[in-house]
Amino acid sequence: MVAQILAVTIFVAMFVLIVIDKIERQYITLGCGVITLVVVFGLCMHSVTAITDTLNIHSIFTRTFWYTGGAAEESSSGINWATIIFVAGMMVMVEGMARVGFFRWLCMRIAKLVHYKTMAIFMTFMIMSAVLSMFIDSITVILFLAAVTVELSQLLKFNPVPMILSEIFCANLGGSATMCGDPPNIIIGTSLGYSFADFITNTGLIALVALVAVLVYFYFVFHSELSASNGENVDISSLPDPKEAIKDKKGFAISCIIFATAVVLLITHAMTGLTVAFIGLFIALVTIITAPKHIHEIVSKVDYKTLLFFIGLFVVVGGLEQTGILEIAANFIGKISGGNAMLMVAIIIWLSAFASAFVDNIPFAATMIPIIKALAATEGVSLSTLAWALSMGTDIGGSATPIGASANVVGTSVAAKAGHPIGWGLYCKKVVPATILVLVISTVGIFVRYF
Amino acid sequence: MGKQLIIAVSREFGSGGHEIADILAKKFNIPIYDNNLLTEIANSKNLDVDTLEKYDEKPKNIFLSRSVRGYSNSLSEVLAQMQFDYIRELANKGESFVIVGRCAETVLKNHPALVSIFVLADKESKITRVSKHNDISRSEAESLINMQNKKRKTYHNRYCEDKWGDSRNYDVCVNSAKLGIERTADILEEYIKEFAQ
């Protein structure tokens with residue numbers, strides 16, 4: 001009982017400290033993680049097993065961690081090292097791509113292809129944001145996309161805010177389509193043993209339908225504002241050539257090959273048996289080996305703070321899991337839904353969405369995974385259905401407010417730095433209806449397909 | 001004047017620090033930046049000054065903003081950074097100016113042309129000054145002083161490691177109540193002239 005109270009207290013303190021934002025979030029989760037290990041597992045539970053299970057280091061040295069031979073990846077609790085290694089690997093690849101100017105080139109190339117017409121840029125950038133976010137973290141996608149949008153808005157004389165808001169939303173939506181698109185999905189996939197194909201054929205289909213709806217929605221919301229300036233009076237020859245964005249031609253070609261390889265490996269990983277941890281490590285090594293002169297530059301830009309944040313977070317959530325708190329939460333959800341699976345799915349989607357709109361969706365998803373596992377075991381509901389509900393809820397709910405997901409923070413920050421502040425009122429007025437629209441599509445989609 | 005000179009004036013509310021900054025700007029014939037810094041930024045970036053003013057020197061709302069990889073979506077924080085960047089830009093261009101507040105003593109800490117000043121005053125003197133200037137009662141003046149100083153302290157300490165009003169953070173700390181505004185400005189002028197030579 002004492003261990004349970006302490007585990008909850010540490011968890012709540014962690015969330016409060018993250019919200020207050022006085023201490024860097026990786027120190028918060030690591031500090032809370034250490035307290036969980038020492039106080040909850042050590043002093044209260046006297047359980048060495050709980051410590052070793054949560055640290056989960058032994059899993060790295062098993063064959064199935066790297067290669068499953070076609071079978072589903074083994075699920076485990078505690079620190080999800082597969083997520084950490086995969087995220088780290090993709091970060092290395094993305095830094096390699098950014099170094100050679102890939103993202104800026106892509107944005108400028110597409111703008112040129114549509115002859116710098118504002119409405120055409122608006123629609124294509126939304127699609128590009130969604131597609132890139134399926135494979136690359138949404139922060140990087142928005143960082144480059146928003147920066148180019150601001151640059152184009154100055155050259156073509158349009159307001160960049162509608163475009164940035166739509167790009168943010170589509171980045172979060174695209175991230176929900178695949179296993180590697182958004183951190184909650186990586187955690188869900190690696191924790192529950194789902195493959196890239198599992199995600200793309202489930203959340204991917206929902207995201208595709210939702211993307212069409214969202215394109216129509218944003219078109220009608222921003223059409224009149226953006227049509228006013230459709231780039232007619234701009235001398236296209238004065239605009240920057242996309243080729244100028246490429247900083248290293250050889251490196252650019254190699255980066256494109258590495259990215260394509262990563263996409264192929266991810267799409268086929270269920271067939272090849274290669275785990276996401278293997279793919280992450282492989283891609284990182286290839287990126288480093290093919291750019292020996294830039295190893296320091298690439299590695300130093302990797303966001304190690306996020307990796308440390310993940311490690312601490314998994315330990316704190318492990319504290320809740322080991323002390324049985326999450327089982328109690330699962331029983332509670334089971335009770336209020338009265339064993340009705342459809343109600344359970346609806347609760348998970350909308351509760352996850354609401355929570356993710358205000359708190360970081362990564363810790364929320366990590367906390368919910370053991371809960372849906374317990375729900376599936378005790379209530380007999382399909383685990384995969386609950387997993388897709390959790391994925392759509394956390395990924396899409398995060399779009400609703402300027403603080404819900406990392407892409408929103410980065411996008412609104414880039415806009416504000418360029419002198420286009422986006423307050424809560426403006427953000428929510430335009431994005432909340434889109435969020436509700438996609439959540440309704442997700443709920444109906446899951447109901448129709450799985451019940 | 002030929003040699004670059006930057007005078008950063010921080011001050012307690014009611015100490016007459018702003019007036020001293022005005023006098024120094026006239027004495028050295030250099031521009032002064034305070035609230036007008038926003039207008040300068042808005043003009044240089046083709047932005048709406050009213051929009052910027054809404055977020056100037058406002059504390060960050062911890063429940064409504066977040067930071068990710070060094071990117072903050074707190075509009076007051078972004079505006080503060082824009083002002084700091086602008087001050088740095090002016091200094092790096094070799095311009096001479098007086099800057100009031102805006103954490104300038106920290107933003108330009110290692111700049112060779114910088115003289116940083118903190119103006120304080122006795123409580124009684126501040127109350128009398130604020131009460132007269134704003135035509136309010138003494139108790140109202142005292143509340144206003146406390147509120148404004150708390151606001152300045154919070155803003156400063158959010159962005160700077162060294163604390164607001166800590167004498168180790170400034171070249172000169174002076175109590176304007178001892179000699180009055182004019183004489184304090186004269187003495188500071190002497191100090192700055194000596195430094196500028």
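Angle check, please: helix A:383-397 long axis (alpha carbons) against the longest principal axis of chain A (alpha carbons), in degrees 0 to 90, nearest 10. Taking Cα atoms only, the helix is inclined about 50 degrees. Across segment A:131-261, the fraction of Cα-Cα pairs farther apart than 17 Å, rounded to a whole number, is 68%. Between helix A:102-113 and chain A there is an angle of about 40 degrees, using the helix long axis and the longest principal axis of the Cα atoms.
Note on segment A:358-451: with charges restricted to the Cβ of Lys and Arg (+1) and Asp and Glu (-1), its dipole about the Cα centre is near 240 debye. Of the trypsin sites (Lys or Arg not before Pro) in segment B:49-80, the ones in a loop by DSSP (not H, G, I, E or B) with at most 16 other beta carbons within 10 Å are B:K54, B:R69.
Put in line by how crowded their Cβ is, counting other Cβ atoms within 10 Å and starting with the fewest, A:S255, A:S47 read A:S47, A:S255.
Within chain B, what is the longest stretch that has no GluC sites (Glu not before Pro) placed in a DSSP loop and near at most 16 other beta-carbon atoms within 10 Å? Looking at chain B, B:1-94 is the longest stretch - no exposed GluC sites (Glu not before Pro) with at most 16 other Cβ atoms within 10 Å. Among A:Y217, B:Y71, a tally of other beta-carbon atoms within 10 Å of each Cβ gives an order, fewest to most, of A:Y217, B:Y71.
Calculated on the Cα set of segment A:61-168, radius of gyration then Dmax: 18.2, 57 Å.
Mind running the shape call on the protein assembly as shown? Use the C-alpha gyration tensor, a ≥ b ≥ c as the square roots of the eigenvalues: rounded below 1.5 for a/c, prolate if a/b tops b/c, oblate otherwise. Verdict is prolate for the protein assembly as shown. With a/c under 1.5 counting as rounded, go ahead and sort segment B:6-196 into rounded, prolate or oblate using the C-alpha gyration tensor (a ≥ b ≥ c being the square roots of the eigenvalues; past the cut-off, prolate if a/b is larger than b/c, else oblate). Oblate.
Using Cβ point charges alone (K and R +1, D and E -1), the dipole size of segment A:241-308 about the Cα centre works out to roughly 120 debye. For segment A:299-387, the list of trypsin sites (Lys or Arg not before Pro) that fall in a loop by DSSP and count at most 16 other C-beta atoms within 10 angstrom reads A:K301.
Rounded, prolate or oblate: pick one for segment A:2-320, where a ≥ b ≥ c are the square roots of the eigenvalues of its C-alpha gyration tensor, a/c under 1.5 means rounded, and failing that, prolate if a/b is larger than b/c, else oblate. Verdict is prolate for segment A:2-320. Which one of A:A147, A:L17, A:A82 has its Cα pushed farthest toward the positive end of the charge dipole of segment A:2-320, where Lys and Arg give +1 and Asp and Glu give -1 at the Cβ? My answer, from the dipole projection, is A:A147. Per residue of peptide B:43-50, the mean number of Cβ atoms on other chains within 10 Å of the residue Cβ is 2. Since only A:P160, A:T190, A:F135 are under comparison, the one whose Cα sits farthest along the positive direction of the charge dipole of chain A, derived from C-beta charges on Lys, Arg, Asp and Glu, is A:P160. For the protein assembly as shown, the residue among A:S382, A:I246, A:F169 whose Cα projects farthest onto the positive side of the dipole built from Cβ charges is A:I246. Report summary: the helix-based calculation at 222 nm, which adds -39500 (n - 2.57) for every DSSP H run with n ≥ 4 and divides by the residues of chain A, gives -24500 deg cm²/dmol.
Restricting the trypsin sites (Lys or Arg not before Pro) of segment B:89-197 to loop positions (DSSP other than H, G, I, E, B) with no more than 16 neighbouring Cβ atoms within 10 Å leaves B:K93, B:K109, B:K163. Overall, the protein assembly as shown carries a charge dipole of about 320 debye about its Cα centre when +1 sits on the Cβ of Lys and Arg and -1 on the Cβ of Asp and Glu, all other atoms neutral. Note on A:K249 and B:K123: with the Förster distance fixed at 56 Å, the Cβ-Cβ geometry gives a FRET efficiency of about 0.25. Here the label points at A:I328 and B:Y191, each 7 Å from Cα along the C-beta direction, are separated by 6.1 nm in the simple model. Taking Cα atoms only, the orientation of helix A:276-289 departs from the longest principal axis of chain A by about 50 degrees. Please report, to two decimal places, log10 I(q)/I(0) for segment A:6-99 at q = 0.15, 0.17 Å⁻¹ as given by the Debye formula with identical point scatterers on the Cα atoms and no solvent. For the requested q values the scattering log ratios are -0.81, -0.94. Put in line by how crowded their Cβ is, counting other Cβ atoms within 10 Å and starting with the fewest, A:R449, B:R11, A:R104 read A:R449, A:R104, B:R11.
Per-residue shielding of B:60-66, expressed as the average number of other chain Cβ atoms within 10 Å of the residue Cβ, stands at 6.
Any read-out appearing in this document is the output of simple, stated calculations on the displayed coordinates, not a laboratory observation. Bear in mind the structure is a predicted one, so any value in this text is a computation, not a measurement. Counting neighbours? That spans all protein chains shown, and the Cβs are built from the backbone with ideal geometry, glycine included.
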